[in-house]
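Structure, as structure tokens:
The values are calculated or read from the model by the stated rules, or taken from the named source; none is laboratory data. This one's a predicted model, so the numbers in the text were calculated from it and none came from an experiment. All Cβ positions, even for glycine, are placed from backbone atoms using ideal geometry, and neighbour counts span all protein chains on display. Remember, those area values only see protein heavy atoms, side chains included, never the ligands or the DNA or RNA. Shrake-Rupley method; radii C 1.70, N 1.55, O 1.52, S 1.80 Å.
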Amino acid sequence: MNARASLYAVAYRAVDLAARWLSPLMPERAHIGLRTCKALHDLRDAPSGPYFARAVLAARWRSALLLRYVLQLSRAELRAFLADRVTYEGAVFAQYAFNSSRPVILAAPHFGAAPVGFVAAVQRMAGHRVLNLFYDTTRPAPRLEALFARGGVDATTLLSGFPGVLAAMRALSRNEYLVMMPDAFDDITYTLAVPFFGRMLRVAPGTAFLALRTGAWVVPVFAVPTRTLGLHVTFGRPLDSHRFGGMDDAQSIFMLNRALFASFEREIRRAPEHWHNWERFPRVSTCVEPPGRLEDDAPLRLLRDRCDASPHLLQDVPELELLVK
């Protein structure tokens, strides 16, 4: 290990201790953990407390250190880092999607060290395809482009907005890879709501729309910095867009997005401190009131009313007559 790597390794190991000692001394405006806990204070199904505040702070520092470190590596050093210091989970399930002849969308929340995770995921894939980055190009991301270039990834940056959608569909029709982060959006008007941590979260429909239009696999990807100078990449179980066909477009998009964000929630619950959107979560989601106590015959009365309003139900399912008559 060279001197630069040794210094980063020491700083990396010291992150938890630094967060523990500095957390009580930091003002709220500089403490992402305190701001996160304040935002989540009134939410019944969200993490909180002093420990979580320190964990958020440490996770953000560790991700920033990791990204800064890999950006200083040469192409050969970065490939050695990916080979020696990255571990994988769930790759055996994702490999089926990667080995298929269909396009693949790599979908990740703003979680941990996502940019480094994308490079690692591409390195893990069998075969070689062009990788397309779908993000708002009005906000320059030279560091992201440099990271992919040094990682040996043949990456193409797509425009945002409608031109980007058309370019993404053409790329997927060529069986290329597409990188998207579905928990980000620019205009809430063009979002839909899906269940997430006991609330209805506004999300962008683009990932599901593109997958359904092109028959792409959707592979969730999560990248978490390890305690030592390294990364752990988890592949969620691939979602087959063909399974969500046969419904009207709006319902198919909702169902695929719901399945994707259920995968996101399962992984975020394992290490919630790594999700970057906690602070804005209450502003882009609405509460779901728990159901009240039902009377014993309330379900039957509801079923009877539905059958009265839609007589064809009894024709389609004759057994219902035994329940409602």
Task: Residue-level accessible surface for residue 37, protein heavy atoms, 1.4 Å, Å² - done: 20 Å²
Task: Rounded to whole Hz, the Karplus (6.51, -1.76, 1.60) HN-Hα couplings of region 104-110, x for glycine and proline - done: 10, 9, 8, 10, 9, x, 6
TODO: Leaving ligands, DNA and RNA out of it, rank 256, 34, 71, 7 by accessible area with a 1.4 Å probe, largest first.
DONE: 7, 34, 71, 256
- [ ] Could you tell me the distance between the Cα centroids of region 86-119 and region 1-74, to the nearest Å?
- [x] 25 Å
Task: Accessible surface of residue 110 - all protein chains present, 1.4 Å probe, nearest 10 Å² - done: 60 Å²
- [ ] Using R₀ = 51 Å, calculate the FRET efficiency as 1/(1 + (r/R₀)^6) where r is the Cβ-Cβ separation of residue 270 and residue 308; round to 0.05.
- [x] 0.65
- [ ] Would you please give the FRET efficiency between residue 251 and residue 200, computed as 1/(1 + (r/R0)^6) with r the Cβ-Cβ distance and R0 = 22 Å, to the nearest 0.05?
- [x] 0.85
Open item on the list: Can you tell me how region 43-132 classifies by the Cα gyration tensor, rounded, prolate or oblate, using a/c under 1.5 as the rounded cut?
Closed with: oblate
Task: Cα-projected label distance for residue 10 with residue 149, points at 7 Å along beta-carbon direction, nm - done: 3.2 nm
- [ ] On the protein heavy atoms, probe 1.4 angstrom, tell me the percent of accessible surface of region 40-85 carried by carbon and sulfur.
- [x] 51 percent
- [ ] Leaving ligands, DNA and RNA out of it, report the carbon-plus-sulfur percent of the accessible area of region 164-228 at a 1.4 Å probe.
- [x] 58 percent
Task: Hz values of 3J(HN,Hα) by residue in region 70-86 - Karplus curve (6.51, -1.76, 1.60), Gly and Pro given as x - done: 5, 5, 8, 7, 6, 4, 5, 5, 5, 5, 5, 4, 5, 7, 9, 10, 10
Open item on the list: I need the shape label for region 204-295. Rule: rounded when a/c is under 1.5, else prolate if a/b > b/c, else oblate, with a, b, c from the alpha carbon gyration tensor.
Closed with: oblate
Open item on the list: I need the peptides 56-64, 214-222, 40-48 ranked by packing, meaning the mean over residues of other C-beta atoms within 10 angstrom, with the highest value on top.
Closed with: 214-222, 56-64, 40-48
Task: Semi-axis lengths, Å, region 206-249, gyration tensor of Cα atoms, sqrt of 5 times eigenvalues - done: 31, 9, 7
Task: Shape category assigned to region 1-98 from the gyration tensor of Cα positions, a/c cut at 1.5 - done: oblate
Task: Lys, Arg +1 and Asp, Glu -1 on Cβ, resulting dipole of region 156-280 about Cα centre, debye, nearest 20 - done: 300 debye
Open item on the list: Rounded to the nearest 20 debye, what is the charge dipole size of region 1-131 about its Cα centre when +1 sits on each Lys and Arg Cβ and -1 on each Asp and Glu Cβ?
Closed with: 240 debye
Open item on the list: Keeping all protein chains in place and using 1.4 angstrom, which order do 279, 267 fall into by accessible surface area, from largest down?
Closed with: 279, 267
TODO: Could you calculate the contour length gain from residue 188 to residue 28, that is, 0.36 nm times the residue separation minus the distance between their Cα atoms, to one decimal place in nm?
DONE: 54.8 nm
Task: Relative contact order, percent, region 1-128 [alpha-carbon distance under 8 Å, six or more residues apart] - done: 23 percent
Task: Whole-Hz ³J(HN,Hα) from phi, Karplus 6.51 cos²θ - 1.76 cosθ + 1.60, for region 211-221, glycine and proline x - done: 5, 5, 6, 10, x, 7, 6, 10, 10, x, 10
